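All remarks here apply to the structure that follows.
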Amino acid sequence: MSSSTEQAESWPAVDGALREHRRGNGFATAALVLGLTGVTLVTVVPGLVFGIVGLRRAASRGAGRMRSWLGIGLCLFWAAAASYLLPHLILAADPGCAAYKGSALTAYNRVISDFSGSHVTSHLAGDVSRAISELEAAADRSRDPATARALSVLTRDLRRVRAELRTGAVVPGTAMQALNRDAAHTDAACGTLHV
């Protein structure tokens, strides 16, 4: 009888230990899930909070340390990615940038192809004039002064090239370098990412 009494008295202790063990660390699991869904950016801050609470619970319960760190790491990754990408997306939303990345950039690239010999050069003057018109229209649509300025500088470079072509002179290499430099500035002003 004493054996069954000992057994009966030990059950609550074992049952309580099992319940404590089964509870695990829900904050660590929540931090991991929130970190995995951090691409939405809404879950980043709660994921960091749950991760920190999960680490504190892991110290006392011994479970969830890895899930907490993974959740925190993923949340920090999404925060860093957003801080890098959001400024580029905001710049790209400018109407002038949208026009530049559409028809203006196509016309500009055609001019560059003409210079490299990829297209018939008899159309070069017309292609340059088309690119100037498209870039002017893009600069007029822009709401951002830096973007409008970059588009205007690129347009100015193309006007110089057109003036050289009209006189029959060979376009100097410095003009091409200026076009490349100012096209890169325009890309940067419009948030163009080069991977």
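The values are calculated or read from the model by the stated rules, or taken from the named source; none is laboratory data. This structure is a prediction, so every number in the text was calculated from the model and none was measured. Quick reminder, even Gly has a Cβ in these numbers, built from the backbone with ideal geometry, and neighbours come from all protein chains shown.
At a glance:
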read-out	value
The range 60-87 - residue that is at pLDDT below 90 and exposed (fewer than 14 other Cβ atoms within 10 Å of the Cβ) and, of those, nearest to the chain's Cα centre (by Cα)	85
Residue list for the range 143-158, filter: touching a residue at least 40 places away in the same chain (Cβ under 8 Å) and either over 22 Å from residue 99 (Cα atoms) or more than 27 Å from the chain's Cα centre (by Cα) (or both)	158
Candidates 155, 167, filtered to the one that is at pLDDT 90 or above and among the hydroxyl-bearing types (Ser, Thr, Tyr)	155
Where residue 140 falls short, out of the listed (1) among the acidic types (Asp, Glu); (2) touching a residue at least 40 places away in the same chain (Cβ under 8 Å); (3) crowded, with 19+ Cβ neighbours inside 10 Å	(3)
All helices (runs of 4 or more DSSP H) inside the range 44-105 with 3 or more residues being closer than 27 Å to residue 183 by Cβ	65-92, 95-99
The range 159-184 residues that are in the same structural domain as residue 123 (by TED's automatic domain parsing), paired with ones that are surrounded by 13 or more Cβ atoms within 10 Å (Cβ to Cβ) and hydroxyl-bearing (Ser, Thr, Tyr) (beta carbon under 7 Å, 6 or more apart)	162/129; 183/108
Options 178, 169, 163: the member that is farther than 17 Å from residue 105 by Cβ and in contact with an Asp or Glu (Cβ under 6 Å, 6 or more places away or on another chain)	178
So residue 126, is it surrounded by fewer than 19 Cβ atoms within 10 Å (Cβ to Cβ), more than 30 Å from residue 40 (Cβ to Cβ) and at pLDDT below 85	no
Residue that is surrounded by the most Cβ atoms within 10 Å (Cβ to Cβ) [pool: residues in the range 88-114 that are touching an Asp or Glu at 6+ places or on another chain (Cβ under 7 Å) and at pLDDT 85 or above]	104
